[in-house]
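Here is the structure we will look at, set down as structure tokens.
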Amino acid sequence: MSKPEADQMYPKYREIEKFKEEFGSSFYIFSPEQFSSNYESFVCSFQKYYPLTKVAYAYKANYMPVLGDIVNKHGGMIEVASRLEYDIALKSIEPKNIIFNGPMKTKEDLTQAIKLGSIVNVDSFYELDYIKELLDEREIDSASIGIRINYKIPEHSSRFGFDINNGEFDKAITIIEQDNRIHLVAIHSHFTTKKRCLNTFTIRTKKMVEVYNKLYPRHDIRYIDIGGGFFGGMTQELRQKYNLEVPTIDQYAKTITSVLHEEIASPEKPTLVIEPGISMVADIMHLFTEILEIKKIGNTLYAVCDSSINIVNPEKSKITPSYRIIFKNNKSFTESSTFTIAGSTCLEHDIIIEKHEGTLKRGDFIMFINKGAYSHVRTPIFIMPRPPIIGREGQIYKEKDSSEYVLEPYIFETKQ
Ligand SMILES: Cc1ncc(COP(=O)(O)O)c(C=O)c1O
């Protein structure tokens, strides 16, 4: 089922105008209810077919602390890819509910995460070396760890984890088995494919179960973590833009869990972990920005808004962002024209929408739809501050970046 169109759910001009008075001409509006509902959809769909499922929200997609708090209220988990994200997650959730992934972990990161009981999925040999050193130095008494595995899936390859086809994974397993203080408790893999289709999830799950069955019963693997890479609920408009088959969460759940039911060899089933990112947060935030000026250069009509390509499309996706115009005054429509919607930085290439057909004037607002995932967290503080994040009632979730915030880590020359 597709979702209601975003403009049915979001504010009219008079509300936007009130927000503008308080927060300026650019802000995100965030819905915690939407995040909660997305989280519940994953949990309910997967647990219906496989009760032993844990949903670990991938914090990299958007690490607003309120999201961590909501996951915690649901008794869920958070997946992190760095110490920075780990420390942010710790503010909301118990360490045992954090999964620590990523190719970069210092010895100190590993000490802390292992001591606190987080699930640490090692990605490289150097991490195994660190863990052995920590055991020898008696920093830790034992280490229960997971391992990220790597294999080929159609139309995609990954550079992470240990390759199960070229001996690297076997080498890692030998290192683990030679040290009885290290316990392998989880296997993990993740792929972000373009199509995010059911077939690749079947292949991924089958591979994971194949490895699980090989390790059983030598290793007490308690978690099969198949990562993220799902599509979330999408409006009809977005579905058309992607021009792809968009499975429902229920279809993903049925596909993955049927492989687990059919192919797991052990009598006791492991916990299934999924790590959805974009699918959990894309639709929880929309970006609103005012048209500051309409100007003509040569024959081109530029509509300049108080945002930038770095904010609207930091990933430089080739897909044109979805947007709506929220008109200042419906009655004063001028003739329809073609506009180039530009950002307010001094970059020549700060063009957000190449071609907008319609009417536009100063004071209209643009609503960029579904800007909750990998948008705010990937926006650099370059020329412009990042906009504030507010709720539908005007409550603040994040302030607009200030010069004090930007300068905080810098050391000023001491004045004599
Ligand atoms: C290890 C891991 N898990 C989960 C995710 C989330 O992926 P997505 O946002 O596509 O669901 C990522 C994204 O890069 C990842 O690297």
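Which whole-number percent is the relative contact order of the chain (Cα, under 8 Å, 6+ apart)?
18
For helix 168-177, what angle does its Cα long axis make with the longest principal axis of the chain, in degrees from 0 to 90 and rounded to 10?
For 168-177 against the chain, the angle is about 50 degrees.
Taking a spot 7 Å from the Cα of Ser337 along the direction of its beta carbon, which residues of the stretch 351-395 have an amide N less than 11 Å from it?
358-362
Rounded to the nearest 20 debye, what is the charge dipole size of the chain about its Cα centre when +1 sits on each Lys and Arg Cβ and -1 on each Asp and Glu Cβ?
With only Lys, Arg, Asp and Glu charged at Cβ, the dipole is about 1020 debye.
Of Leu198, Leu301, Leu287, which is the most mobile in a GNM of the chain whose springs link Cα atoms less than 10 angstrom apart?
Ranking Leu198, Leu301, Leu287 by mean-square fluctuation puts Leu301 first.
Among the aspartates and glutamates, which have Cα under 18 Å from the Cα of Lys73 when same-chain residues fewer than 8 positions away are ignored?
The reachable aspartates and glutamates, counting only those whose Cα sits under 18 Å from Lys73, are Glu33, Glu40, Glu94, Glu275.
Starting from the 7 Å offset along Cα-to-Cβ, what nm value, one decimal, do you get for the label separation of Thr359 and Val66?
3.5
Calculate, in nm to one decimal, what Leu244 and Lys400 gain on full extension: separation in residues at 0.36 nm each, minus their alpha carbon distance.
Result for the pair: 52.6 nm of gain on full extension.
Starting from the Cα of Lys269, draw a straight line to each of the aspartates and glutamates and keep only those under 16 Å, dropping any in the same chain fewer than 8 residues away.
Candidates past the 8-residue exclusion: Glu210, Asp220, Asp225.
Apply the Karplus curve 6.51 cos²θ - 1.76 cosθ + 1.60, θ = phi - 60°, to the phi angles in the stretch 116-122 and return the couplings in whole Hz, x for Gly and Pro.
Those phi angles translate into 7, x, 6, 8, 9, 9, 6 Hz.
Pairs of alpha-carbon atoms within less than 8 angstrom and 6+ residues apart define the contacts here; what relative contact order does the stretch 32-276 have, in percent?
19
Using a Gaussian network for the chain with springs between C-alpha atoms less than 10 Å apart, which of these wobbles most: Tyr130, Tyr63, Tyr212?
Largest GNM mean-square fluctuation: Tyr130.
Which residues' amide hydrogens lie under 5 Å from the amide hydrogen of Ser144, considering only partners 5 or more residues apart or on another chain, with H built in the peptide plane?
Counting only residues 5 or more places away or on other chains, the set is His183.
Using the Karplus curve 6.51 cos²θ - 1.76 cosθ + 1.60 with θ = phi - 60°, work out ³J(HN,Hα) for each residue of the stretch 77-82 in order, rounded to whole Hz, and write x for Gly and Pro.
With the stated coefficients, the stretch 77-82 comes to 10, 10, 9, 10, 10, 6 Hz.
On full extension of the chain, what length is gained from Ser144 through Arg218, given 0.36 nm per residue of separation minus the C-alpha to C-alpha distance? Provide the component values of the computation, followed by the final result.
Working: separation 74, 0.36 × 74 = 26.64 nm, distance 1.45 nm.
Taking Ser144 through Arg218 to full extension adds about 25.2 nm, to one decimal.
Tabulate in residue order the Karplus-calculated ³J(HN,Hα) for the stretch 373-386, using 6.51 cos²θ - 1.76 cosθ + 1.60 with θ = phi - 60°, rounded to whole Hz; enter x for Gly and Pro.
Values per residue, Gly and Pro as x: 10, 6, 9, 4, 5, 9, 7, x, 8, 10, 6, 10, x, 6 Hz.
Of Thr300, Val281, Leu260, whose Cα points farthest to the positive end of the dipole of the stretch 258-416 (charges on the beta-carbon: +1 Lys, Arg; -1 Asp, Glu; origin at the Cα centre)?
Thr300
Which cross-chain or sequence-distant (5 or more) residues have an amide H under 5 Å from the amide H of Phe339, H modelled 1.01 Å from N in plane?
When sequence neighbours closer than 5 places are left aside, the close amide H contacts are His356, Glu357, Gly358.
What is the Cα centroid distance between the stretch 264-339 and the stretch 37-88, reported in whole angstrom?
Going from one Cα centre to the other spans 24 Å.
Taking the Cα centre of the chain as the origin and placing charges on Cβ (Lys, Arg +1; Asp, Glu -1), which of Val71, Phe162, Leu84 is farthest toward the positive end of the dipole?
Working it through, the farthest residue towards the positive pole turns out to be Val71.
Applying 1/(1 + (r/R0)^6) with R0 = 22 Å to the Cβ-Cβ distance of His261 and Lys206, what FRET efficiency is obtained, to the nearest 0.05?
Efficiency computed from Cβ-Cβ geometry: 0.95.
Between Ile383 and Glu33, what's the calculated FRET efficiency when r is the beta-carbon distance and R0 is 35 Å? Round to 0.05.
After rounding, the FRET efficiency stands at 0.55.
Points 7 angstrom from Cα along the Cβ direction at His349 and Lys73: gap in nanometres?
For His349 paired with Lys73, the spin-label model returns 4.2 nm.
Anyone know which of Gly228, Gly298, Gly68 comes out most mobile in the 10 Å Cα GNM of the chain?
Gly298
Using label points projected 7 Å from each Cα along Cα→Cβ, tell me how many nm separate Glu413 and Asn165, to one decimal.
So the two model labels end up 5.8 nm from each other.
Which cross-chain or sequence-distant (5 or more) residues have an amide H under 5 Å from the amide H of Lys54, H modelled 1.01 Å from N in plane?
Those qualifying (amide H under 5 Å, at least 5 residues apart or on another chain) are Leu272, Val273, Ile274.
Given 0.36 nm per residue, what is the gain on full extension from Glu22 to Arg392 after removing their alpha carbon distance, in nm?
Length gained, Glu22 through Arg392: 131.9 nm.
By a straight-distance test (C-alpha under 19 Å), which aspartates and glutamates pair with Lys355 as possible cross-link partners, with residues fewer than eight away in the same chain excluded?
Partners found: Glu237, Glu290, Glu293, Asp306, Glu335, Asp364.
Bear in mind these aren't lab numbers, they're just calculated from the coordinates by the rules spelled out. Just so it is clear, the structure is predicted and the values come from calculations on it, not from any experiment. Reconstructed Cβ throughout: ideal geometry from the backbone, glycine too, with neighbour counts over all protein chains shown.
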